[in-house]
1. When the accessible area of region 1-151 is computed with all protein chains present and a 1.4 Å probe, what percentage of it is carbon and sulfur?
2. Kindly flag which residue pairs out of Lys578/Lys630; Lys324/Lys630; Lys192/Lys470 have an alpha-carbon separation exceeding 18 Å in this structure.
3. Pop out the carbon and sulfur fraction of the accessible area of region 381-421 as a percent, whole number, probe 1.4 Å.
4. So if I take the centroid of the Cα atoms in region 206-233 and the same for region 246-274, what is the distance between those two points in Å?
5. Go through region 230-241 residue by residue and turn each phi into a ³J(HN,Hα) via Karplus (6.51, -1.76, 1.60, θ = phi - 60°); whole Hz please, and just put x for glycine and proline.
6. Evaluate the Debye formula for region 291-417 with equal point scatterers sitting on the alpha carbons, no solvent, and hand back log10 of I(q)/I(0) at q = 0.13 Å⁻¹, in q order, two decimals.
7. When the Cα centres of region 444-501 and region 288-329 are compared, how far apart do they sit, in Å?
8. Taking the Cβ of Asn248 as the center, what net charge do the other residues with Cβ under 12 Å away carry, scoring Lys and Arg +1 and Asp and Glu -1?
Amino acid sequence: MFFNVDDDVASALLFDVGVALTFMVFSKVADRERLADRILFGSATILSLVLYISWRWLDTLPDLEITGSSLWAYFYVTFETVSVVYALGSVFILFRMSDWTSEADLAQEQLIAQGAYPSVDVFICTYNEPINILEKSVISARSMDYPNFKVYVCDDTRRSEIRDYCSRVGVNYITRPDNRHAKAGNLNNALKLTNLATEASDLIMVLDADFAAQDNFLMRVVGLFRNNEIGLVQTPQFYFNSDPIQHNLGIKSSFVDDQRVFFDTFQPAKDVAGCAFCVGTSFVVRRSLLNEMGGFPHEALSEDMLLTYRLMERGYVTRWLNEKLSVGLSAEGIPEYITQRTRWCLGTIQIGLLKDGPLWRGRFTLTQRLHYLHGLLSWLSKPFILCMLFAPSIYWLFDVSAIQADELVFMKYGISALFVFWGYSSWISGSRTLPLFTEVTHAITALPVTITLCQAIRKPFGRPFKVTEKGGDRSTIRIHPPTAIFFGLITLLSAFSVVSTVFTWSSPVEFSARDCMNLVWSAFSMLIAFVSLLVCIELPRFGQEELIKIRLRALLRSAGAMREIDVDALSTEHALIKDVKLSGAEDEAVFFNGVGWVAIGVDPSMPQSCFAIMPSFQQHNDILRLLFRKAPDNVAKTGTLGRSVITLCRRAFVG
């Protein structure tokens, strides 16, 4: 079958391509570290978005009537406007970014020169995490290069094996008889008990059970407290494993985890206005301020973010030190990934609804309130993703269009604005966003977050704190049925809409501009839904321990001879060594500096070049120190579109 496309449509497409190429060239020559370039590119992006959304409200809406067509058009544009307002706020915020590296250097030099090190208590919060998760945090914390600190494991599940482990490795163990107020209650119990010490510490460092601190963490952070306006210093979260999207699509080396833009781009920008906020782990706070506030706040599920707002009320800043000083374990499965995001969403809403929260009476500046509202809008924009996914199918099945306008004008205003925003987002984030892949990360949580928003309207408070489960056996393929069914439905709906429109005997020979627009829209919706469906099919993760990329020279003893080898990756269970074959002799071993001789053997469940190692208890801990004394780079720092697309195609069509 053949069909024609109007010349006007081709002209509009050429205009969009021209806009895309113009801003692509600009992104290559502009420097995102230069303020003038940030303002210029940001202003162009703001202009394109304002022109588009103004046109949508002024020229594209039908009369408001109680009809499906009219109500759907207004429903769609309302959530579209929320998303555009959030995007506009993001561009304004990103005009400037902070960098406190030089200040941290000076503060560290002063700390060393004076030789007076403020005391620090390190609280490691654990709730049911197995020892193989917790130990990375404990051993790394004990090994920090700082002369005046104590480590406390705060166990909220009262496990005797954790108490015994803490005794064995020489750290303090704290527990309590109940789990009241969840993580905040756990921290407050530790705060109360350590307040009773003969000399209570000046500062408190908080780590989640799965986060390993770099050996210079405290040396980099503590000196910043010489500024009396700083109440808390927060460092970014990095991960040594791939999140479910990276892992299930096979793109851990070509696409970043979904929080990189927030930690690496948004938080430094918010810090400029004094509005960066605590993210729950890898931070240090003044004990005196916690005692003044009555402890860690517990009125919202996002106790970390609320802590920042409690400090703001008292005139103290949360300083964002944008350095990689710790690494942790990302959510490993789709259920855990979704649980995290819905908890953060509800926690953000709860903070705003508190009687002294930033939406109401609290003692906050206008800037602080606007930054809170920006964070809230990031969640309120999620329903628009659902609208966007379903809109083309609704058009084909019910002849009801979400955008009732001249499609050629839409292609000039809307498509060009989308290209500009994609280009700007990739440029300002340092290639931490990629078209399609970033949309998939948002789509995965769109339905659960939308459900959470609806539940919050009815009952914003009273839901229990759900801990993100980590660890456990993930050696088999898993499917998350609710999410998979949802995206499977969208994929089939979009495919059916396209096929029934284009490939039937009754299909038109010539398509209108509106039909062409919705055909492209259907294809894009189907693509996002299909890739999201692939994410819901969770691929196996072999071994209990994630292999950490590390380049080590080592000695191998095998078949009565020794030779130097290169170790490309290492864990406490396995070593990745290429071009090596073992003889099977009992005395085969590998020697690591700082660890010693470790028995090595073949593991038939692992790839050929991945060998099992059998360290002693002390060697096990030495390997952990070796791996985490410097935060490892185990996943991509930036995204590469070409490699990600090739890998995605391989995943989709080869498996």
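The values are calculated or read from the model by the stated rules, or taken from the named source; none is laboratory data. Computed from a predicted structure; not experimentally measured. Counting neighbours? That spans all protein chains shown, and the Cβs are built from the backbone with ideal geometry, glycine included. Only protein heavy atoms, including side chains, enter the accessible area calculation; ligands, DNA and RNA are left aside. Shrake-Rupley method; radii C 1.70, N 1.55, O 1.52, S 1.80 Å.
1. Working: 4980 of 8000 Å².
Answer for region 1-151: carbon and sulfur cover 62 percent of the accessible area.
2. The answer is Lys578/Lys630; Lys192/Lys470.
3. Of all accessible area on region 381-421, carbon and sulfur atoms account for 67 percent.
4. 20
5. 8, x, 8, 10, 10, 10, x, 8, 10, 10, 9, 10
6. Debye curve over Cα of region 291-417, log10 I(q)/I(0) at q = 0.13 Å⁻¹: -0.79.
7. Answer, in whole Å: 30.
8. Values: positive: Lys252, Arg474, Arg478, Arg541, Arg651; negative: Asp243, Glu332, Glu538.
Here the charged neighbours net out to +2.
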